[in-house]
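Structure first, commentary second.
Where a number appears in this text, it was derived from the coordinates with a stated rule and is not lab data. Given the structure is predicted, the values throughout are model-derived calculations rather than measurements. We place every Cβ from the backbone using ideal geometry, glycine too, and count neighbours over all the protein chains shown.
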Amino acid sequence: MCDIAAWSALVEASWSLGDRMLYLTSPNFRGDDVTQLQSLLSRLGFDCGRVDGIFGPLLARAISEFQKNAGISIDGICSTDTVAALERLSSQTGEGPGISSLRDTERFRATGDDRKLRRVVVGQFGGLSGVARLISRALRGAHEIVMLVDEPDVAAHVLAANHFHADTYIGLEAHAEPTCTIAFYAVPGFSSAGGELLSNAIADALRAALPSLTVNCVGMRLPILRETRMPAVMCSLGPFDVITQHGPEVAEAVASVLTQQ
């Protein structure tokens, strides 16, 4: 069904950098053109925050800094002149990860160095309340500060994780398909390095705990991964009967990764 969320995603994907003027407004501009802009600035070393396709204050400031360095009019607006300067200079940057990816990796590694202060949000969207509670209990036993969110609404998870100032978010949902998908945030030109490291570690732990499971890691632009401000992973686990039957093993595998990071 093409609901509001699906339509919004289609509209955002239709924009390319240069199709429209971009500037700070409320509500924020969203789209693939914003993602392209963030990726280009990041590879040039300008800190625009997370590459999430949302035009926020950090991106406006990064544009002003770029305009100042490029010797063009400084207004924080991405107009045709700014796009032309970006494309000209970006032809010399290569395809590196950019400052956003590097900072994401460093932040993820830094949280592992201060074990007693790390905050983890465990979110459950339906069917895996028992597993979520087992993970939360194990993390609290390892001196993590844990919040459990048991809501079907994505916005509730995003609000809780961001207001809690979480260092890591782990989402859980069950389905009937005979595969497990561990997703991290990724869009063309950017992927969450911390999320990718975490998702691969969880996938390896699940395969070791239950060799019969088929587990895949994939980069996606799910709202829960995009809107949260910390390394986040969404675990879609199936088949449902196998996951619930082996709930303690699944919980132990996920918790062991989080306590070792």
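Things to note:
- Under Karplus coefficients 6.51, -1.76 and 1.60, residue-wise ³J(HN,Hα) of region 81-90 in Hz, glycine/proline x: 5, 5, 4, 4, 5, 4, 5, 5, 6, 6
- In order along region 163-180, phi translates into HN-Hα couplings of 6, 7, 6, 5, 8, 8, 10, 10, x, 10, 8, 10, 8, 8, 5, x, 9, 10 Hz, rounded to whole numbers, per the Karplus curve 6.51 cos²θ - 1.76 cosθ + 1.60 with θ = phi - 60° and x for Gly and Pro.
- For M220, the residues whose amide H sits under 5 Å from its own are F184, Y185, A186, ignoring neighbours fewer than 5 places away on the same chain, with H placed 1.01 Å from N.
- Amide H contacts under 5 Å for V215, placed H, 5+ residues apart: C180
- Helix 247-260 and the long axis of the chain differ in direction by around 50°, with both axes built from C-alpha atoms.
- Kirkwood Rh and Cα Rg combined as Rg over Rh, evaluated for region 104-260: 0.92
- Here the Debye sum runs over all C-alpha atoms of region 134-187 as equal scatterers in vacuum, and log10 of I(q)/I(0) at q = 0.25 Å⁻¹ comes out as -1.19.
- Value at 222 nm in deg cm²/dmol, rounded to 500, when DSSP H runs of n ≥ 4 in the chain each add -39,500 (n - 2.57): -15000 deg cm²/dmol
- Restricting region 1-43 to trypsin sites (Lys or Arg not before Pro) in coil, as DSSP defines it, with at most 15 other Cβ within 10 Å: R20
- Placing +1 on the Cβ of every Lys and Arg and -1 on the Cβ of every Asp and Glu, with no other charges, gives the chain a dipole of roughly 640 debye about its Cα centre.
- Rg/Rg_globular for region 216-261, with Rg_globular taken as 2.2 N^0.38 Å and Rg from C-alpha atoms: 1.34
- Remark: relative contact order (region 104-260) = 30 percent; criterion is Cα-Cα distance under 8 angstrom and separation of 6 or more residues.
- Set against the 2.2 N^0.38 Å expectation for a compact globular protein, region 160-229 has a Cα radius of gyration ratio of 1.16.
- Considering only beta bridges that DSSP places wholly inside the chain, some 25 percent are antiparallel.
- Acute angle (nearest 10 degrees) that the helix 193-209 long axis makes with the longest principal axis of the chain, alpha-carbon atoms: 20
- Projecting the Cα atoms of A13, Y185, M230 onto the dipole axis of the chain, where Lys and Arg carry +1 and Asp and Glu carry -1 at the beta carbon, places M230 farthest toward the positive end.
- Region 4-96: Rg to Rh, with Rh as the Kirkwood radius over Cα pairs: 0.96
- Mean Cβ neighbour count within 10 Å, used as a protection proxy, ranking 3-14, 58-69, 143-154 highest first: 58-69, 143-154, 3-14
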